[in-house]
1. Would you mind computing the Rg to Rh ratio of region 91-215 from its alpha-carbon coordinates, Kirkwood style for Rh?
2. At what distance in nm do the modelled label points of Asp71 and Met169 sit from each other, each positioned 7 Å from its Cα along Cα→Cβ?
3. Between region 32-57 and region 125-146, what's the alpha-carbon centroid distance in Å?
4. Could you pull out every residue, at least 5 positions away or on a different chain, whose amide H is within less than 5 Å of the one on Ala173? Hs are placed 1.01 Å off N in the peptide plane, and Pro or chain starts have none.
5. What does the helix-only formula give at 222 nm for the chain: each DSSP H stretch with n ≥ 4 adding -39500 (n - 2.57), the total divided by the residues, and the result rounded to the nearest 500 deg cm²/dmol?
6. Take every Cα pair under 8 Å in the chain that's 6+ residues apart, average their separations, divide by the length, and report that relative contact order as a whole percent.
7. Amide H neighbours of Val49 under 5 Å, counting only residues 5+ apart in sequence or on other chains, H built in-plane at 1.01 Å?
8. Please give the FRET efficiency for Lys18 paired with Phe123, using the beta carbon to beta carbon distance and R0 = 30 Å, rounded to the nearest 0.05.
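Laboratory data are not the source of any read-out in this text; all were calculated from the coordinates shown. Remember, predicted model here, so these are calculated numbers, not experimental data. Every residue, glycine among them, receives a Cβ derived from its backbone with ideal geometry; neighbour counts consider all protein chains shown.
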Amino acid sequence: MDQHVKAVREAQVERTLKALAKNRIPAVFVPTRQEAVEAVRSLMKPGDVVSCGGSVTLAETGVRDLLKSGDYQFLDRETMDPQEAYRKTFSADVFLTSSNAITEEGELYNVDGNGNRVAALIFGPQRVIVVAGVNKIVRNLDEAIARVKCLAAPANGIRLDTHTPCSRMGRCAVCDGSMTSGCASEKRMCCQYVVTGYQRTDRIRVVLVGEELGY
């Protein structure tokens, strides 16, 4: 990375970490995905009941492999009934997820289809660990909304073969700036919208990784 671009990125990360701390959402920065795995490991205990939302970031970093290592009781919705996994997640020790966007104002922005991921983020599991690459950082909620409509949702639609308009067009079918506008597809992925702007309880931790990860 060019040294000048690197300096800009470092300033952006520093602003975001400070803003998250101000909103009582503790966050750490690690340069690489390998260090992200170790950061996550340090936030869990052997034997913990753990679960996770669907996340390309968790797969790319190796965090999902950590959950499957045998050191934890992993509620894996790919090997058990998904609805059972969703219900048991609410009493898990740790829930892991990424975030669709993290603003420089210290907010987590997440959009969900079924709602199980955002539900566990805001209530239920004793601890929540959010792992996100620096590519998820945006200036504000307007940019977060645009990021989901023009990148995250279309990319996930292609990955999951939803055949939603965004997966065909490369952007949301309704880009009017409204948070909740969108298509009327039966497989629409953007149904639940959650902005985490402040943390009253001490549950959520953020691990910000100095790489481009996920969508």
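1. Numbers: Rg = 14.3 Å, Rh = 14.9 Å.
Reported Rg/Rh (Cα atoms, Kirkwood Rh): 0.96.
2. 4.5
3. 17
4. HN-HN under 5 Å from Ala173: Cys166, Cys183.
5. Numbers: 9 runs with 76 residues, N = 215.
That comes out to -9500 deg cm²/dmol.
6. Rounded, it is 28 percent for the chain.
7. Gln73, Asp93, Val94
8. Between Lys18 and Phe123 the formula returns 0.70.
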